[in-house]
C-alpha cells in the first residue's frame, strides 16, 4: 500500500475513533451501578491525592464475609484517575472519561496489529463494529480499568510484533537499541498487568514466541522480563499493607476457623483446574459472549442474532486456526493464553472479561472470510457477502439500541433513596464506626466509614450474626434488595434482638447493633 493511501486510512480511522468518543461522551449518565469495583479504584485515586496510604480504603476483607474483591487493586488505573479526581472530585462523568480515552486509543491501535494480515479497509470496519457495539457503548458508562487494560495490552502486542518482525526480517539492531526496546516492552506489559492482573499473560507471550521460533531467549525477551518483574514486584510490595485493626483480623479469622469457612482473599484463590469446571466455564463464556449482541424481544431479530452469533463463532474459530497454520504469531499466543486463564480462573464469567478478545475475534472472522474468497476468486461475490453481513449486523445493533431499557440507570447509587441512605450514614454514625453492607467498597467510598461484606453463611441465624458483628466490631447493618440494580425492599426484619432500626425508606433499612458489653 502506498504512503498516501495508508495515510488516508489512518486519518479515516482517527476520525472514526474521535466520533465514537464524542458519541460515547454524550451518552454518559450521572452516577454508577452497584458493581463496587469502581469505588475501590476511585478510593485508591483519592488516597493518592490526599496523601493517604494507597491501600487504606476502609474495606475490610475476611474469610467469613462475602468476597467482593481483593484488599487492593493494581495501581495503574487509579494513577490515571488521580489527576481528574484532584480537579473534579467525585464527578462520575469526568471520571468516566479516564476509561473512555484509553478505549479510543485502543481502537486506533487495531490497524497496527491487523494490517499485516487483512486490508486497511477491514481494519476500519473492525473499529466501527467494536465502537458501535451496544455492549461496549453501555460499558463506557462505568469507571473501570478494562479499557485501560485493552490499550496497554494492544500496545504491548504491537511492540512485540514490531520487534519480532524486525528480527525475522534480518534487520540488524545494536544491543543498546534492543535493550531500549526490551525496556519499553517491559514497561507496557507491566502497565497492562498493573491495570488488570490477567496481563501476566503478556510476558508469557513473548517467552512462548521465543521458544517456538528461536528455541532460546532473545535479549529483547530477557530485558523485557527483567523490567516487568521489577515493576510487578514493586506493585506487590505496595499492595501488601493491611489496615484492618489486628484484633478484628484475629477475631474474624478465629470465627471463620470455627466454621471451617475459608474464603478467597485474592484472585489467585479462584484457580480451578478441574476438567468439569473448565467445561462448565466454556459454556458459561459462550453465553457471556452472547451479551455483545443486544437482547431482542422480537422473534425476527432474535433469530437474526442467533444466526449472526453462531456464524461469527464458527468463522472466528476457523480464522484463528487458519492463522495458526500459516504462522503462529504473538496474537495467537495471546488469545490462547488469555482464554486459558479465563477457563482456569473460577471467578464469575462476566462478559467484560471478554472485551479484549472481541476485536481479535472479528479480526479472525475476516481472516476466514478472506481465505474462503481467495479460493473462489470472485470480488463481486466477496463484496456482496460482506456488505450483506455488515448490513445485518448494523440492523441488529440499531434495533437493540432503539429498544434498550434505560430505566435501570436511575436505580444505581444516584437513586434518591440511595443518596438518602448514604447521607444518613455520613451524618448519623461516628467516623470510626464499621458498616456491614452487601457492597462494602461502595459504602467505604461514599461515607468514609469502614465497611465489611455480609456474612457468607446461608441462613446464619441470630446467634451467628451477633458473633460476626462482635468479631468485626461492626456497628451498623444496611439492608437492601439488590438484583444488579436496586429494587424495593419489601421485607426487612431485625437480624437479632440486639439490632434496632434507625433508618428506613422504600429501598434501604439501617440497623444499629448493640454489642454485648454495651
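Rule-based calculations on the coordinates, nothing more; no lab input. Everything quoted here is computed from the prediction, not taken from an experiment. Neighbour counts are summed over all protein chains in view; Cβ atoms, including those assigned to glycine, are modelled from backbone coordinates with ideal geometry.
Available extension along the chain between residue 297 and residue 174 is 38.2 nm, counting 0.36 nm per residue and deducting the alpha carbon span. Between the alpha-carbon centres of region 26-56 and region 134-150 there is a gap of 15 Å.
The alpha carbon gyration tensor of region 347-503 gives principal lengths a ≥ b ≥ c with a/c of 1.5 or higher and a/b greater than b/c, which makes the shape prolate.
Between the alpha-carbon centres of region 271-306 and region 69-84 there is a gap of 30 Å. Taking every C-alpha pair closer than 8 Å and separated by at least 6 residues, the mean separation divided by the residue count of region 271-404 gives a relative contact order of 43 percent.
Put a dot 7 Å past the Cα of residue 236, heading toward its Cβ, do the same for residue 402, and the two dots end up 5.5 nm apart. If you sort the three axes of the alpha carbon gyration tensor as a ≥ b ≥ c, you get a/c of 1.5 or more for region 271-404 and a/b no higher than b/c, which makes it oblate. Roughly what angle does helix 357-376 make with the longest principal axis of the chain, taking Cα atoms, 0 to 90 degrees, to the nearest 10? The angle comes out near 20 degrees. Between region 156-230 and region 489-512, the C-alpha centres lie 56 angstrom from each other. Here is how the number arises for the chain: DSSP H runs of 4 or more residues each give -39500 (n - 2.57), the sum is divided by the residue count, and the result at 222 nm is -20500 deg cm²/dmol. Working ranking of peptides 187-194, 235-242 by packing, defined as the average number of other Cβ atoms within 10 Å per residue, highest first, is 187-194, 235-242. Each Cα pair under 8 Å and six or more residues apart adds its sequence gap; the mean of these over the residue count of the chain is a relative contact order of 20 percent.
For the chain, the longest principal axis of the C-alpha atoms and the axis of helix 299-326 are separated by about 60°. A crude spin-label estimate for the pair residue 277 and residue 516, with each label 7 Å from Cα along the Cβ direction, gives 3.6 nm. Remark: 434, 442, 414 ranked as 414, 434, 442, counting other beta-carbon atoms within 10 Å and listing the fewest first. Annotation: the antiparallel percentage among DSSP beta bridges lying fully within the chain is about 70.
By the count of neighbouring beta-carbon atoms within 10 Å, fewest first, 33, 430 end up ordered 430, 33. So what's the angle, to the nearest 10 degrees on a 0 to 90 scale, between helix 379-402 and the longest Cα principal axis of the chain? Between the helix axis and the principal axis of the chain, the angle is about 20 degrees.
In terms of the mean number of neighbouring beta-carbon atoms within 10 Å, the peptides 467-480, 503-516 order highest first as 467-480, 503-516. For region 5-37, the residues whose backbone nitrogen is under 19 Å from a point 7 Å from the Cα of residue 308, taken along Cα to Cβ, are 20, 24.
The shape of the chain comes out prolate: with a ≥ b ≥ c from the C-alpha gyration tensor, a/c is at least 1.5 and a/b beats b/c.
Using a simple spin-label model with pseudo-atoms 7 Å out from Cα toward Cβ, residue 162 and residue 26 lie 3.4 nm apart.
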